[in-house]
Amino acid sequence: MQRVPERVFFEAKPVLAVALALVLALVAELVPALEPVRVLSAVKRAPSEPEAAPSAPPEATEGEAVLERSAIVSEARLSADESAPVVALDRLESLPDFGEPPRPLIDPSGRALDQFFASLDRTRRRDAGATTRVLHYGDSLIVSDYVSGTLRRRMQGVFGDGGHGYQLMANAWPAYFHNDVFRFATAGFRASRIVGPETKDGLYGLGGVTFRSYSGLRAQFGTEEKGTFGRSVSRFVVSYLEFPGAGSLEVWIDGAQAAIIDTNGPSPRVMRREFSVPDGPHRFEIVTRGGETRTFGVVMERDEPGVVWDALGIQGARIRFLDKIEPEHFADELRWRDPKLVVFEFGTNESGDGYAYPMPEYQRTMQEVLRRVRAAVPSADCLIIGTMDRARVEDGQVTSMKIIQLIVAEQEKAAAEVGCAYFDTYQAMGGWGSMPAWVRRGLGQKDMMHPTGVGADRIGTWVFQALMQSYRAYNERPATKDSE
């Protein structure tokens, strides 16, 4: 074989390209300002002691999915810059004009949201302890904090920032994202989810996901460092499972060890531990130690009156999947959060089921979930945000899916039967044929089933406008509100 001269070898373009890449990577390692683009070292954010190497866990069981990729989230991803103006109303001010939604809320009783609006009144007056919590369940849209992120900002901009709310311990799906908060989790957490793989005991926590881990894994949560929202927190609450032979959780706050939680107990029991901090910017970290531990999520709230909007997205979920959570456990999780409104935003995955799942069964199971939630938290109202239009290619033509119209009708019917308010997203978009038009306008994604960030922000704004329209009518009602 002919020998390539060394000078020719080192002057070859591929070799020069590799050398240049290595030089640039080395510069990134040495210059602090270039930390975000480093490729040779892992991103490290927090506690001050050296990282312990994770112990080797046993092979994943059938009921777990190993989360291999790290989850680093620290920047807002809403399409609009801050999206929500800060109004800061008090008791004496009238509501400003937030604009008219393309469709008002559908509420045959006219009183489906009275409890929620009464809570907003208390929050608006800045009554002590007047936090208005909202639980927003949904599918992939809410997994990425689409729609829910806009609603959180809009509501907090008017009624005050009560804190970010509930977050899963780690990324159960690659698309899991929350606006206006810092999050980080190392790879290696093992997730069981109501969409599968499932856990036999049905204990999934508030968000439909439970995480198993072994020594040396860590998850971090904290306030946002820029922007208007998510800048302060007054307390962190970690939700976990105590069970025989379990390991422990080290808790670090702002780089200092705050506690060691022993999760070993005589029988499986859901536990919660609260950590109070001076209201302001903070970082909270959990490090797993010892044997197996099992966690659910972390809540961030403030002592200030305001709105807390929990985004509880479950990728691939149908509303009926919520009944996979063990009933008493689900009811206890709902009561723990003490919401004044529970929002349900499903339908995209149901449309993918086609006609394999009959509409009468869809109606029955939807009502069962709604009634179960209402029974668990009777002091909370409910709102169904209807599904979007969805399109596909049929016979070479792009057309809306006919089943969407059936699902929309069943959603509105279930809302009326159970006493929930309903927002008709399908008609607000324009009804039949609206998704192809949204795709052309940059509001819908090319899959013709999901909105873009701009489209999701528009839907969230419409729902906010519809809520404020009904809230204004509630406040204008003569002496029929509950006395406060």
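Where a number appears in this text, it was derived from the coordinates with a stated rule and is not lab data. Only a predicted model underlies this, so the values are computations on that prediction, with no experimental measurement involved. Quick reminder, even Gly has a Cβ in these numbers, built from the backbone with ideal geometry, and neighbours come from all protein chains shown.
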Item checked: Cubic angstrom per residue, convex hull over Cα atoms of segment 330-409 -> 94
Checklist line | Ranked list, fewest to most other Cβ atoms within 10 Å of each Cβ, for SER119, SER400 | finding: SER400, SER119
Item checked: Protection proxy ranking, peptides 416-423, 160-167, 193-200, average beta carbon neighbours within 10 Å, highest first -> 160-167, 416-423, 193-200
Item checked: segment 205-276 and segment 419-484: distance between their alpha carbon centers, rounded to Å -> 35
Next item on the list: For every other residue with a beta carbon closer than 11 angstrom to the beta carbon of SER213, add +1 if it is Lys or Arg and -1 if Asp or Glu, then tell me the sum.
Entry: +3
Note to self: Translational diffusion coefficient of segment 196-353 at 25 °C, 0.890 mPa s, Stokes-Einstein with Kirkwood Rh over Cα pairs, in µm²/s as a whole number.
What the structure shows: 143
Notebook entry, point to check: In whole Å, what three semi-axes, largest first, describe the equivalent ellipsoid of segment 137-256 built from its Cα gyration tensor (square root of 5 times each eigenvalue)?
Noted result: 26, 19, 12
Next item on the list: Could you work out how far the C-alpha centroid of segment 324-357 sits from that of segment 131-145, in angstrom?
Entry: 11
Check: Want the number for GLU100 to ARG126: 0.36 nm per residue separation, take away the alpha-carbon distance, what's left?
Finding: 6.7 nm
Checklist line | Spatial extent of segment 317-476: Rg and Dmax, with the Cα atoms as the point set, Å | finding: 16.6, 53
Next item on the list: Neighbouring Cβ atoms within 10 Å as the yardstick, rank ARG190, ARG372, ARG335 fewest first.
Entry: ARG335, ARG372, ARG190
Checklist line | Vicinal HN-Hα couplings computed from phi for segment 259-267 (Karplus, 6.51 cos²θ - 1.76 cosθ + 1.60; Hz; Gly/Pro x) | finding: 5, 10, 9, 7, 9, 7, x, x, 8
Next item on the list: Enter the mean projected area of the convex hull around the alpha-carbon atoms of segment 225-288, in nm², rounded to one decimal.
Entry: 4.7
Item checked: Ranking of MET435, MET388, MET359 by count of other Cβ atoms within 10 Å, fewest first -> MET359, MET388, MET435
Notebook entry, point to check: In whole Å and largest first, what semi-axes does the C-alpha gyration tensor of segment 266-395 yield when each eigenvalue is scaled by 5 and square-rooted?
Noted result: 33, 19, 18
Notebook entry, point to check: Hull surface divided by four, with the convex hull built on the Cα atoms of segment 259-301: how many nm²?
Noted result: 3.8
